[in-house]
Amino acid sequence: MEYSGQVRRVQRVRHELRQRDGEVVRLEALGSEFVRVTFAGDTLADFVSLGFDDHVKVILADARGDRIRRDYTPRRFDGERCELTIDFALHGDGFASSWARQAAVGQRAAFGGPRGSMIVPTDYDWHLLAGDATAVPAISRRLEELPPDAHAIVVVQLSDDTPLQDLRNAARVETRRVATGDDLVAAIGELSLPAGEGYAWCAGEASMMARLRAIMVSNGHPREAMRVASYWKRGASDYHDETRR
């Protein structure tokens, strides 16, 4: 794949770091790979999330009362209702995935952040959005916010029964689903992207993201016009990508 065009600046905004809490008020299964959990609470009233791949620390209590922290994308926020929606990927047997499988209305959680937001302009000539299931909430949020004349290319490692979720947008979207991480890497390597200035965003398992980053760098995509984030690492239960701030 070839890249061309002028690099555009991405704005980074810092937020006051605060902890808030909420109670589960709604649950919804999204295919076999996600549970959508909506939390509500008065302390969420001033919650702010300006970037589609922002993350919050979701803080849950285990059976001993210890606090477990995991990073998640704020999928949607309703300021009038003070409701925060988070889509939990049900991959593996991690604590947060197990919590989401048994979540019930009335359970509580706390949230830290977001610490900051990365604001990517929506008027690029094209947008590449790629990743595994953990990237889907951010990809879906981005697709919703793109204008109708935007062109998005989505490559996602996701089962056929899982929706790219109740999207509310009219952008021109090309979507390809793949079965494995190796398929994801191969698909990105084979892409023929449109002419013009584009922004590339990828997220998922750390080793897969290292391979995708190498492909894009070797093909000359400007580093200032891409973001490749490691959302999790195989074999690590509490992995945190230090660049995801």
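The values are calculated or read from the model by the stated rules, or taken from the named source; none is laboratory data. Everything numeric in this text was worked out from a predicted model, so none of it was measured. FYI the Cβ positions are ideal-geometry reconstructions off the backbone, even for glycines, and counts take in every protein chain you see.
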Problem set entry | Qualifying residues in the range 95-127 (those that are under 26 Å from His15 (Cα atoms) and polar (S, T, N, Q)) - the one surrounded by the most Cβ atoms within 10 Å (Cβ to Cβ) | Ser117
Problem set entry | Those strands (runs of 3 or more DSSP E) lying entirely in the range 103-211 with at least 1 residues under 25 Å from Leu60 (Cα atoms) and of a type in the set (Gly, Ala, Ser) | 108-112, 116-119, 198-205
For this session: Output the residues belonging to the range 185-223 that are polar (S, T, N, Q) and more than 21 Å from the chain's Cα centre (by Cα).
Result: Ser192, Ser218, Asn219
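To keep it simple, each residue is scored yes or no on (1) aromatic (Phe, Trp, Tyr); (2) under 30 Å from Ala96 (Cβ atoms); (3) modelled with pLDDT of 90 or more; (4) in the same structural domain as Phe52 (by TED's automatic domain parsing).
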residue: Asp160; (1), (2), (3), (4): no, yes, no, no
residue: Ala171; (1), (2), (3), (4): no, no, no, no
residue: Ala179; (1), (2), (3), (4): no, yes, yes, no
residue: Asp182; (1), (2), (3), (4): no, yes, yes, no
residue: Ile188; (1), (2), (3), (4): no, yes, yes, no
residue: Cys202; (1), (2), (3), (4): no, yes, yes, no
residue: Ser207; (1), (2), (3), (4): no, yes, yes, no
residue: Ala214; (1), (2), (3), (4): no, yes, yes, no
residue: Val228; (1), (2), (3), (4): no, yes, yes, no
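So that you can scan it fast, the table gives a plain yes or no per residue for (1) surrounded by 13 or more Cβ atoms within 10 Å (Cβ to Cβ); (2) touching a residue at least 12 places away in the same chain (Cβ under 8 Å); (3) among the charged types (D, E, K, R); (4) not in a strand (DSSP E or B):
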{"residue": "Arg9", "(1), (2), (3), (4)": "no, yes, yes, yes"}
{"residue": "Leu17", "(1), (2), (3), (4)": "no, yes, no, yes"}
{"residue": "Arg64", "(1), (2), (3), (4)": "no, no, yes, yes"}
{"residue": "Pro74", "(1), (2), (3), (4)": "yes, yes, no, yes"}
Exercise. Hey, Ala130 hits all of (1) in contact with a strand residue (DSSP E or B) (Cβ under 6 Å, 6 or more places away or on another chain); (2) surrounded by fewer than 18 Cβ atoms within 10 Å (Cβ to Cβ) but one; which does it fall short on?
Worked result: (2)
